[in-house]
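One structure is given here, and the rest of the page talks about it.
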Amino acid sequence: MKGKRYAMLAMALVILFAGALAGCGGKENTVKIGEVTRSVFYAPQYVALEKGFFEEEGLKVELQTTAGGDKTMTALLSGAIDVALVGAETSIYVYQQGAEDPVINFAQLTQTDGTFLVSREAAPGFDWNDLKGSVFLGQRKGGMPQMAGEFTLKKHGIDPHSDLELIQNIEFANIAAAFASGTGQYVQLFEPQASIFEREGKGHVIASFGTESGRLPYTVYMTKQSYIAQNKELVQKFANAIQKAQTWVQEHSPEETAKTIAPYFKDTDQEILASSVKRYLEQGSYAESPRLEEAAWNNLLDVMESAGELKQRVELGELADNSFAESAGK
């Protein structure tokens, strides 16, 4: 009888220990992502979540929106999130500050600027010189939308700080609302907001900064170097899931993608979602592979240098680890 009790106790301990291990394993396979904003621009990420591509890799993903590049990077550096989805320029800023644990880019999601030039009035036969002397509702100084925007304007012979009345004191999350309420004649907007304004008659899309500024590692998954060192298998699984989603988006219609990502845009009409996805597909904004390309990285450095935000040029290999992207899908 006594022996039976000991056997039962031992079995209970084994079960308890196994449960504890399982719980630890689940925690180890949980990845907390902080996305810089919620946008159709990140459609492949939502596809990866909705189609279960992360789950197929044995990962549990917790997604939160950490509005703004500075807030997203603060969350990453403080350990509030594991992985940041944000512009690659933020990793360069951290590097320039002499970080002992640099932030490493390991999977690219988008490869062009995602903003469109929206005019308050219809602009048939638009010419970039039309912007001179206008009130332009800009983005945060040092952020990719603003830098890519300035890069494009300079390419067309426009000095954004002397040829425009440039407004830059509005928080990123409030820019669309500010334009809708009457601030500015022109603004840079991501989808689906640009299409929503067109439908509501509040603005007209007249140009694409994505097309104008060329290939860029615009939005990238990144994490601390120490996190990669401790979680190489997890990071590889993450890159695998992103590659699956990128392939899926390329192989399916904008309407199918819109239907898949709809739960993340509950207040947005399906037709608007589909037209937004179509715009991004047509200009090649969605990366087809998570691999960061050297030419695009060098273009990023040119954009930052033009904006006066680059202290020194940094080689791709210093702040990017392409090994995970290169192994994804194999």
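Restricting region 57-74 to residues that are more than 15 Å from the chain's Cα centre (by Cα) and aliphatic (A, V, I, L, M) leaves a set whose member that is most open to solvent (accessible area, probe 1.4 Å) is Val61.
In this structure, is Glu255 open to solvent by 50 Å² or more (accessible area, probe 1.4 Å), closer than 25 Å to Phe116 by Cα and in a loop (DSSP other than H, G, I, E, B)? Here the answer is no, as Glu255 does not meet what is asked.
For beta carbons closer than 9 Å, sequence separation of 6+ or different chains, a first residue in region 66-81 that is on the phi > 0 side of the Ramachandran plot and a second that is in a loop (DSSP other than H, G, I, E, B), the qualifying pairs are Gly68/Val36; Gly68/Thr37; Gly68/Arg140; Gly68/Gly143; Gly68/Glu171.
For region 122-172, name all the residues that are among the polar types (S, T, N, Q), within 19 Å of the chain's Cα centre (by Cα) and more than 23 Å from Pro192 (Cα to Cα).
Quick first cut of region 122-172, residues among the polar types (S, T, N, Q) only: 129, 134, 139, 146, 152, 162, 168-169.
Narrowing the set further to residues that are within 19 Å of the chain's Cα centre (by Cα) leaves 139, 146.
Within region 122-172, no residue meets the criteria.
Filtered by the rule that a residue be closer than 17 Å to Met144 by Cβ and open to solvent by less than 50 Å² (accessible area, probe 1.4 Å), region 213-243 gives Ser213, Gly214, Leu216, Pro217, Tyr218, Thr219, Val220, Tyr221, Met222. When Phe54 is tested against (1) of a type outside the set (Val, Ile, Thr); (2) part of a helix (DSSP H, G or I); (3) open to solvent by 20 Å² or more (accessible area, probe 1.4 Å); (4) modelled with pLDDT of 95 or more, exactly one condition is not met: (3). Every listed requirement among (1) crowded, with 23+ Cβ neighbours inside 10 Å; (2) at pLDDT below 95 is met by Ser91 save one, (2). Of the residues making up region 282-305, those that are open to solvent by less than 50 Å² (accessible area, probe 1.4 Å), over 22 Å from Thr223 (Cβ atoms) and assigned to a helix (DSSP H, G or I) are Asn299, Val303. Considering region 261-296 alone, what residues qualify as being of a type in the set (A, V, I, L, M) and in contact with a strand residue (DSSP E or B) (Cβ under 7 Å, 6 or more places away or on another chain)? Selection gives Ala287, Leu292. Tell me which of these Ile175 doesn't satisfy, since it passes every other one: (1) over 20 Å from the mean Cα position of the chain (by Cα); (2) farther than 30 Å from Arg291 by Cα; (3) not in a loop (DSSP other than H, G, I, E, B); (4) not basic (Lys, Arg). (1) is the only condition that Ile175 fails.
Residues of region 261-274 that are part of a helix (DSSP H, G or I), closer than 19 Å to Leu63 by Cβ and open to solvent by less than 20 Å² (accessible area, probe 1.4 Å): Ile261, Leu273.
The values are calculated or read from the model by the stated rules, or taken from the named source; none is laboratory data. All figures in this text were calculated on a predicted structure; none of them were measured in a lab. Every residue, glycine as well, gets a Cβ built from its backbone with ideal geometry; the counts of neighbours run over all protein chains shown. In case anyone asks, the SASA skips ligands and DNA or RNA and just uses the protein heavy atoms, side chains included. Shrake-Rupley method; radii C 1.70, N 1.55, O 1.52, S 1.80 Å.
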